[in-house]
Amino acid sequence: MAKVFVIVEHRQGVMRDATFELISLARELQSRSGLEPAAVVIGHGVRTFADTLSKYLPRTIVVESETLADFRYETYAAVLKDILERETPLVTLCPQSAFGMELLPRLSVESARPCATDCIKVEMEGAGLSVVRSIYNGKIHSRSTFAPSGGYLVTVRSGSYAPAAEAGSAGTIDDCPCPPFKAPFKTEFLGYREAAAGAVDISQSPFLVSIGRGIKDAENVPKAQELADRLGAVLACSRPVVDKKWLGKERQVGTSGRTVKPKVYIALGISGAFQHLAGIKGSGVFIAVNRDAKAPIFSAADYGVVEDMFKIIDALKEQIGS
Amino acid sequence: MEILVCVKKVPDTADAEVVLKQDGTGIKEDDLASGINEWDNYAVEEAIRIKETHGGTVTVATIGSADSEDVLRRCLAMGADNAIMIDDASFKGADPYGIARGLCGVAGKGSYDLVLAGAQAGDDGYAMVGPVLAGYLGWPHATLVTSILLEGKTVTVTRELEGGLEEMLRIELPAVLTIQTGINEPRYVSIMGIRKVRAKEIPVLDPAAIGLAPGEIGANANRIKRTGLAVPPAGKEAEMIKGTPAEIARKILDIVKERGGVA
Ligand SMILES: Cc1cc2nc3c(=O)[nH]c(=O)nc-3n(C[C@H](O)[C@H](O)[C@H](O)COP(=O)(O)OP(=O)(O)OC[C@H]3O[C@@H](n4cnc5c(N)ncnc54)[C@H](O)[C@@H]3O)c2cc1C
Ligand SMILES: Nc1ncnc2c1ncn2[C@@H]1O[C@H](COP(=O)(O)O)[C@@H](O)[C@H]1O
């Protein structure tokens with residue numbers, strides 16, 4: 001029977017949430033199309049992950065080796081290529097994350113299997129695989145199939161599938177040997193670097209006013225700061241505002257910034273990229289102001305305003321008084 | 001250091017209406033502003049900074065139509081030494097594998113120590129071309145790079161991970177690195193600067209000139225087959241607040257008070 005594999009993402013001793021979203025997708029492919037799901041976890045000290053994973057899927061494949069202690073695409077791609085060639089899964093899933101983006105396109109070349117990245121929907125269509133990707137800033141969905149292949153690789157956007165719950169039955173765990181590596185390696189892992197703590201901790205504030213590229217210019221930032229002050233809110237932002245050094249990294253909301261859960265989140269001039277929205281999951285009231293009625297942020301917000309953000313900033317200040 | 005930077009011209013769709021072509025094969029780009037892919041702008045800046053510190057040359061290359069020439073000229077004005085255009089007629093509709101094949105041909109014609117690409121393109125955003133190109137070249141790669149330190153025959157880079165965390169890697173040259181936004185502050189390009197490079201010759205290469213066989217690239221050779229584009233189905237939508245800015249502001253304050261209890 002055809003198989004679907006989930007490549008487990010873990011870092012610093014913790015399995016990352018995205019893996020459990022992919023378990024949901026693998027189960028969906030099982031119930032709809034009869035694919036046999038399994039988790040593939042490789043690394044050092046990952047046996048405890050396998051115990052957990054066996055509560056979610058009928059089968060877990062483990063490759064345990066000291067050489068795999070820190071993720072490098074070189075070693076991981078070699079191990080996975082070996083597994084793909086022995087097990088020939090029809091579909092192999094991985095999160096679209098710093099891990100998946102580094103690994104899967106390269107694994108695709110090494111294992112001669114086509115890969116589609118950043119998919120929001122994955123389903124079987126006859127004997128082939130069909131995926132949906134969200135492109136052009138979320139304004140268009142594109143559907144693709146693949147040139148026929150013995151196996152397909154897919155990375156999946158976070159938040160596309162709900163995280164799975166435990167299955168209630170115990171799955172099997174297959175320990176696999178680590179294949180010999182073709183040393184010397186061309187990449188070497190040197191260590192992690194934590195973000196420096198900033199002057200504010202936006203994750204502690206119940207009320208965030210957040211600005212995006214719509215703020216347009218550094219000299220407009222004080223207008224937003226002033227609004228936040230008068231509202232008793234803390235100023236946050238999307239990534240481009242930090243990239244341009246208009247605000248410090250500690251104020252960035254999103255996958256590569258901070259995850260926040262305020263009671264109120266007001267987004268001004270932010271389009272609603274998934275990397276941004278992933279940072280505000282589970283927030284209270286979410287109000288979005290954007291002059292583009294088609295901005296994807298309006299499918300995530302509770303309340304929407306299609307208007308020039310500066311007009312709204314001024315009107316809010318006027319209403320509050322000084 | 002000989003550095004090749006891969007750049008792409010993309011339409012700006014964040015702040016514009018996106019309309020599908022009648023036949024559903026693409027979007028209407030005529031009314032959209034377009035320019036260098038945001039990530040590629042950072043990559044070009046980074047290459048020029050490396051050159052300024054360590055010497056060498058920077059070559060920018062694009063697979064695109066004549067319409068992409070302005071993007072290459074902009075890169076020359078920033079300080080790139082050479083530009084190469086690969087005529088895209090036979091690349092029409094090529095998937096990231098086809099683009100990477102073409103760029104592999106370009107890289108093979110030089111003797112580069114480093115190839116830089118954007119971490120992803122802002123239009124269809126595969127985030128694949130860099131690492132696939134590295135695979136074709138048989139070179140090591142790192143994606144989402146946020147700093148580059150050159151040390152002899154290696155580079156030490158940081159890669160962006162999630163939640164503000166970064167990892168440090170040492171990589172042997174030659175290598176392919178994909179650049180994440182924010183790695184530097186790209187310099188400003190003046191109209192004067194672009195005028196100065198107006199006369200610079202930009203060679204246009206066809207697929208044969210970069211060693212590609214007919215049929216090796218293009219829609220028929222694709223491994224990812226696009227079957228259709230559509231406007232996303234309406235999902236959950238926000239409740240829209242309408243009125244004059246003053247009315248909207250009053251309603252926002254009411255919501256903040258009632259639902260959030262914070263103002
Ligand atoms: C690996 C990776 C990690 C990332 N991590 C993050 C992250 O942690 N956080 C993050 O935010 N992004 C992140 N990004 C970037 C993300 O993909 C988007 O590029 C980014 O979120 C866009 O920011 P934006 O919405 O402010 O800008 P844009 O997408 O350019 O949108 C600007 C919006 O402002 C609107 N606008 C313009 N002017 C006005 C006006 N006067 N009034 C009202 N509206 C106006 C426009 O209509 C548009 O919708 C990441 C990307 C990658 C590849
Ligand atoms: N047509 C192209 N010509 C030159 N470089 C490209 C082209 N398409 C993509 N690239 C490079 O590959 C990067 C990633 O693109 P993608 O994999 O499509 O997201 C871009 O940022 C560019 O550096």
Of the accessible area of the stretch B:1-108, computed with a 1.4 Å probe and all protein chains kept, carbon and sulfur make up a percent value of 44
Please name which of B:Trp39, B:Val71, B:Ala221 has its Cα lying farthest along the dipole of the stretch B:2-221 towards the positive end, using unit charges on Cβ (Lys, Arg +1; Asp, Glu -1) and the Cα centre as origin. B:Val71
Packing-ranked peptide list from A:70-79, A:235-244, highest mean Cβ count within 10 angstrom first, is A:235-244, A:70-79
Protein-protein interface of the stretch A:69-99, residues with accessible area decrease of at least 20 Å², isolated chain reference, 1.4 Å probe: A:Phe71, A:Tyr73, A:Ala98
How big is the charge dipole of the stretch A:93-198 about its Cα centre, in debye rounded to the nearest 20, if each Lys and Arg gets +1 on its Cβ and each Asp and Glu gets -1 on its Cβ? 480
Computed over the Cα atoms of the stretch B:1-129, what is the convex hull's projected area averaged over all directions, in nm²? 7.9
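So what's the net charge close to A:Lys294: Lys and Arg +1, Asp and Glu -1, counting the other residues with Cβ under 12 Å from its Cβ?
Numbers: positive: A:Lys139, A:Arg291; negative: A:Asp292, B:Asp15, B:Glu17, B:Glu237.
Around A:Lys294, the surrounding residues sum to -2.
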Top of B:Ala119, B:Ala47, B:Ala234 by mean-square fluctuation, Gaussian network on chain B, Cα under 10 Å: B:Ala234
For the stretch A:202-320, inverting the pair-averaged 1/r of distinct alpha-carbon atoms gives a Kirkwood value in Å of 13.7
What dipole magnitude, in Debye to the nearest 20, does chain A give about its Cα centre under +1 on Lys/Arg Cβ and -1 on Asp/Glu Cβ? 620
Which percent, nearest 5, of DSSP beta bridges in chain A are antiparallel? 20
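Based only on Cα atoms, what Rg/Rh ratio does the stretch A:3-176 have, Rh being taken as Kirkwood's radius?
0.94
Enter the accessible area per residue of the stretch B:1-115 (Å², integer; probe 1.4 Å; all protein chains in place).
Details: 4480 Å² over 115 residues.
I get 39 Å² per residue for the stretch B:1-115.
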Using modelled backbone amide H atoms (1.01 Å from N, in-plane), which distant-in-sequence or interchain residues come within less than 5 Å of A:Ile211's amide H? A:Ala236, A:Cys237, A:Ser238, A:Leu268
Short to long, in 20 Å steps from zero, the percent of alpha-carbon pairs of chain A per bin is 29, 50, 20, 1
Which aspartates and glutamates, on any chain, are close to B:Lys51 with Cα under 13 Å apart, when same-chain ones fewer than 8 places away are left out? B:Glu2, B:Asp81, B:Asp113
Assigned charges on the beta-carbon of Lys, Arg, Asp, Glu; the stretch B:48-154 dipole about Cα centre (debye): 300
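Could you look at the stretch A:202-320 and say what percent of its accessible area is carbon and sulfur, using a 1.4 Å probe and all protein chains? Display every interim value, and only then the final one.
On the way: 2160 of 4440 Å².
That share works out to 49 percent.
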May I ask for the accessible area buried between chains A and B, both sides summed, probe 1.4 Å, to the nearest 100 Å²? 7400
Under 21 Å between C-alpha atoms is the cut-off here; go through the stretch A:202-320 and count lysine pairs that meet it, provided they're at least eight residues apart or on different chains. 18
Pick out which of A:Glu36, A:Glu110, A:Glu219 has the largest mean-square fluctuation in a Gaussian network model of chain A, springs linking Cα atoms closer than 10 Å. A:Glu219
Would you mind telling me the antiparallel percentage of the DSSP bridges in chain B, rounded to 5? 40
For the charge dipole of the protein assembly as shown, defined by +1 on Lys and Arg C-beta atoms and -1 on Asp and Glu C-beta atoms about the Cα centroid, which residue among A:Gly214, A:Ala162, B:Leu103 has the Cα displaced farthest towards the positive pole? A:Gly214
Antiparallel DSSP bridges in the protein assembly as shown: what percent, to the nearest 5? 35
Express the C-alpha Rg of the protein assembly as shown as a ratio against the empirical globular expectation 2.2 N^0.38 Å, rounded to two decimals. 0.97
Can you give me the accessible area per residue for chain A, using a 1.4 Å probe, in Å²? 39
Only helical DSSP H runs with n ≥ 4 go in: add -39500 (n - 2.57) per run for the protein assembly as shown, normalise by residue count and round the 222 nm mean residue ellipticity to 500 deg cm²/dmol. -7500 deg cm²/dmol
Karplus (6.51, -1.76, 1.60) ³J(HN,Hα), θ = phi - 60°, over the stretch B:118-130, in Hz, Gly and Pro reported as x: x, 4, 7, 8, x, 8, 9, x, 6, 6, 10, 4, x
Would you mind checking the tilt of helix B:38-54 against the longest principal axis of the Cα atoms of chain B, expressed as 0 to 90 degrees and rounded to 10? 40
In a shell of Cβ-Cβ distance under 13 Å around A:Ala18, excluding A:Ala18 itself, what net charge do Lys and Arg (+1) and Asp and Glu (-1) give? -1
Could you state the orientation-averaged shadow area of the convex hull built on the Cα atoms of chain B, in nm² to one decimal? 18.7
Pick from B:Ala208, B:Ala238, B:Ala14: which is most flexible by mean-square fluctuation in a GNM of chain B where alpha carbon atoms under 10 Å apart are linked? B:Ala238
For the peptides B:157-167, B:124-134, A:138-148, what is the packing order when you average, over each peptide's residues, the other Cβ atoms within 10 Å and list the highest mean first? B:124-134, B:157-167, A:138-148
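Within 10 Å of each Cβ in peptide B:148-159, how many partner chain Cβ atoms are there on average? Round it to a whole number, please.
The mean count of partner-chain Cβ atoms within 10 Å per residue comes to 1.
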In whole percent, and with a 1.4 Å probe on the protein chains, what portion of the accessible area of the stretch A:3-176 is carbon and sulfur? 47
Would you work out which of A:Ile140, A:Ser31, A:Thr67 lies farthest towards the positive end of the dipole of the stretch A:3-176? Charges go on Cβ: Lys and Arg +1, Asp and Glu -1. A:Ile140
Restricting to Cα pairs below 8 Å that are 6+ residues apart, what does the relative contact order work out to for chain B? Please round to a whole percent. 22
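The values are calculated or read from the model by the stated rules, or taken from the named source; none is laboratory data. All values reported here derive from a predicted model rather than from experimental measurement. For neighbour counting, all protein chains shown are included, and Cβ atoms are generated from backbone atoms with ideal geometry for every residue, glycine included. Side chains included, ligands, DNA and RNA excluded: accessible areas come from the protein's heavy atoms. Shrake-Rupley method; radii C 1.70, N 1.55, O 1.52, S 1.80 Å.
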